[in-house]
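Shown next, in structure tokens, is the structure this report addresses.
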Amino acid sequence: MLNNLQKRTFTALLIFPFIVSIILYSNDTVIRIFLNIIIFISSFEISKMCFYRSSQEISNKKHYYFIASIFISIFISNILIKNDTWIFLIIPSVLFWLYIIFYLINIKKIDQVKKFNIFYFLVFLLVVSSFYCSLYTIYLYSHTGLIFLISIVAIADISAFFVGKKYGKKSFFNTISPNKTQEGFIGSIIICLFSAWGYCLFANYDFNFTVKILILTFFTVLFSAFGDLFVSLIKRRSGKKDTGNILPGHGGILDRVDGLLSAAPVFLIFSYFLSAIIQ
């Protein structure tokens with residue numbers, strides 16, 4: 001039998017080439033269908049965590065309202081993207097994630113929430129819709145840019161795990177996620193910066209563009225860590241270990257894309273304002 005790390009590795013080795021192939025070789029329709037599937041499963045996992053009072057409950061109006069609202073928001077996101085006004089959704093999203101960073105830094109105690117109210121409903125709506133909007137907009141600007149984003153977030157996650165396991169001593173947000181360490185977090189930033197620098201050398205980018213990519217990488221990795229912590233907080237408050245079990249060794253889809261939830265809007269907004277569109 002495979003242990004959990006082996007399952008994670010095997011699943012990742014299957015998923016990553018599949019996603020890269022879809023981005024590089026499929027068309028716009030396939031990408032939108034693929035993103036909608038990811039959004040639907042992630043939204044379902046959020047709803048199961050937050051709007052179902054027990055695992056035995058099979059019907060809840062909030063669940064159906066939430067799923068319906070998600071697809072309405074995706075429809076609106078597509079209109080914003082088509083009219084090149086996506087920034088009106090992405091800027092509020094980035095401001096929300098800035099608030100989340102300060103909130104997580106100052107959190108002292110986590111109480112399990114028995115009933116998630118309309119505030120959480122609206123928060124998840126913003127997070128999921130901006131996630132879709134960011135990924136699809138990045139894809140339209142640059143297929144390679146989307147692959148770079150996914151790769152950097154994956155490298156950050158993997159390096160934080162192994163560096164933390166090898167050298168981790170000081171806890172990083174112990175209240176939310178006891179297994180995360182400061183050494184793992186710092187190590188992930190350093191490894192991602194070197195990875196981005198290596199990519200820039202390979203792509204033969206000039207000095208100015210390389211600096212822009214390194215700035216983009218730094219903030220992408222920084223925010224991805226807090227996206228991970230945000231989902232961990234929701235899991236703790238809902239009394240769940242994982243968001244699902246669809247991916248062996250990883251849990252649910254949301255467990256795999258948690259860092260991208262926050263990283264994608266930040267990556268898009270920095271790419272836009274720095275004029276750092278990766279080709």
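In the range 101-110, is there at least one residue being charged (D, E, K, R) and at pLDDT below 80? Within the range 101-110, one or more residues are charged (D, E, K, R) and at pLDDT below 80.
Of all the criteria given as (1) closer than 28 Å to residue 107 by Cα; (2) modelled with pLDDT of 95 or more; (3) of a type in the set (Phe, Trp, Tyr), the one not satisfied by residue 226 is (2).
In the range 13-27, the qualifying residues are those that are closer than 21 Å to residue 78 by Cβ and without any contact (Cβ under 8 Å) to a residue 40 or more places away in the chain, and the one that is nearest to the chain's Cα centre (by Cα) is 22. Per the conditions (1) closer than 24 Å to residue 41 by Cβ; (2) under 17 Å from the mean Cα position of the chain (by Cα); (3) not aromatic (Phe, Trp, Tyr), the sole criterion not satisfied by residue 159 is (1). Only one of the listed residues (73, 69, 47, 43) is surrounded by 15 or more Cβ atoms within 10 Å (Cβ to Cβ), touching a Lys or Arg at 6+ places or on another chain (Cβ under 9 Å), modelled with pLDDT under 90 and within 21 Å of residue 257 (Cβ to Cβ). That residue is 47. Flag set for residue 160, criterion: aliphatic (A, V, I, L, M) and touching a strand residue (DSSP E or B) at 6+ places or on another chain (Cβ under 9 Å). Selection within the range 76-100: residues that are over 16 Å from the mean Cα position of the chain (by Cα) and polar (S, T, N, Q). The member of this set that is nearest to residue 124 (Cα to Cα) is 77.
Within the range 247-263, is even one residue modelled with pLDDT under 80 and of a type in the set (Asp, Glu)? Yes, the conditions are met somewhere in the range 247-263.
Taking the conditions exactly as written (touching a helix residue (DSSP H, G or I) at 6+ places or on another chain (Cβ under 9 Å), surrounded by fewer than 21 Cβ atoms within 10 Å (Cβ to Cβ), modelled with pLDDT of 85 or more and assigned to a helix (DSSP H, G or I)), does residue 80 satisfy them or not? Answer is yes for this residue.
The values are calculated or read from the model by the stated rules, or taken from the named source; none is laboratory data. Computed from a prediction, not measured in an experiment: that's the story for all the values here. Here Cβ is always computed from backbone atoms with ideal geometry, including for glycine, and neighbour counts include all displayed protein chains.
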